[in-house]
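The block underneath contains the structure these notes are about, expressed in structure tokens.
Rule-based calculations on the coordinates, nothing more; no lab input. As the structure is a computational prediction, the values presented were derived from the model and not from experiment. Cβ placement follows ideal geometry from the backbone for every residue including glycine, while neighbour counts extend to all protein chains displayed.
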Amino acid sequence: MGKRIISQARGHGSLSYRVRRKAYVFKIKYPMHEGRARILKIIHSAGHSAPLLKLKIGNEIFYNPAFNGAVAKEEILIGGIQPSPGSIMMLRNIPVGTQVYNIENNPGDGGKMIRAAGSHSSIFKKYDSNKVSIMLPSKKELMLSGDCRATIGSIAGEGRLLKPFMTAGKRFYKMKARNKLWPRTSAVKMNAIDHPFGSGRGKRIKPKIAKRNAPAGARVGHIRPRRTGWKR
């Protein structure tokens, strides 16, 4: 008798496939009013790759990825037109060429892009129609509204990937904290009882198209592809 394949087991939920709630207690967002915010402390979050800043403005407390050079008990500026490391400003007020991170996709959404450790984007071009173009780390250009906000500077933790995981156990617990699937096993290397692609028979691998209404155990391969084959 077969057992559930990994995609079924993860969807069903169990102690093995359950994210730690503690890893996601800190929600990154921007406050709705302007002024000076005080950095209460720099904290570690298991659900984020970068350290987070715990900030307070008035009676509101919010969290934002830490910038390079952040120090506890300092103050940052929210709003205004004078850029300084860590300050939060609208894109239309930021000079061209400035490094920014945690950029809003739509005004007021609290920041959705460029939030990984060591990453940053830059202001590329401004337009008269309140549109601002930014250069992403992938060297692609993206057009956004000038009312979207971003944080000045680069995110801390740039050398995170330089330190290797010395044991598989440390990597396992790091991935488990964020509910990531690791280690990743190739389906073709499994037994036939564990996966539709398994067994040593038929190792001449070809793309397989899953039916639209296939059950969870058969929804493997190309799922509802718009097209297949070489693009001519």
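Taken over segment 206-232, the criterion of being over 20 Å from ALA192 (Cβ atoms) and of a type in the set (A, V, I, L, M, F, W, C) is satisfied by ILE223, TRP230. As a summary of the residue check, MET89 satisfies the conditions (1) within 29 Å of GLY146 (Cα to Cα); (2) part of a loop (DSSP other than H, G, I, E, B); (3) over 18 Å from the mean Cα position of the chain (by Cα) except for the one numbered (2). Tallying residues that are exposed (fewer than 14 other Cβ atoms within 10 Å of the Cβ) and of a type in the set (A, V, I, L, M, F, W, C) within segment 20-39 yields 2.
Scanning segment 20-63 for residues that are in contact (Cβ under 8 Å) with a residue 24 or more places away in the chain, under 18 Å from the mean Cα position of the chain (by Cα), more than 18 Å from ILE155 (Cα to Cα) and part of a loop (DSSP other than H, G, I, E, B) yields one hit, ARG20. In the set ASN102, ASN93, ASN106, only one residue is in contact with a Cys (Cβ under 8 Å, 6 or more places away or on another chain) and among the polar types (S, T, N, Q); that residue is ASN106.
In segment 72-83, the residues that are in contact (Cβ under 8 Å) with a residue 60 or more places away in the chain and surrounded by 15 or more Cβ atoms within 10 Å (Cβ to Cβ) form Cβ pairs under 7 Å with partners that are assigned to a loop (DSSP other than H, G, I, E, B) and not polar (S, T, N, Q), at six or more places apart or across chains, as follows: PRO83/ILE94; PRO83/PRO95. Report yes if some residue within segment 163-172 is among the charged types (D, E, K, R) and touching a residue at least 12 places away in the same chain (Cβ under 8 Å); otherwise report no. No, every residue in segment 163-172 fails to be among the charged types (D, E, K, R) and touching a residue at least 12 places away in the same chain (Cβ under 8 Å). The residues of segment 104-150 that are without any contact (Cβ under 8 Å) to a residue 60 or more places away in the chain, surrounded by 18 or more Cβ atoms within 10 Å (Cβ to Cβ) and either within 20 Å of ASN93 (Cβ to Cβ) or of a type in the set (Lys, Arg) (or both), listed by number, are MET113, ILE114, HIS120, SER121, ILE123, VAL132, ILE134, LEU144, CYS148. In segment 62-101, of all residues being among the β-branched types (Val, Ile, Thr) and out of contact with any Asp or Glu (no Cβ under 6 Å at 6 or more places or on another chain), the one that is nearest to ALA37 (Cα to Cα) corresponds to ILE76. In segment 206-232, the residue that is farthest from the chain's Cα centre (by Cα) out of those that are surrounded by 10 or more Cβ atoms within 10 Å (Cβ to Cβ) and either of a type in the set (Val, Ile, Thr) or farther than 28 Å from HIS12 by Cα (or both) is ILE209.
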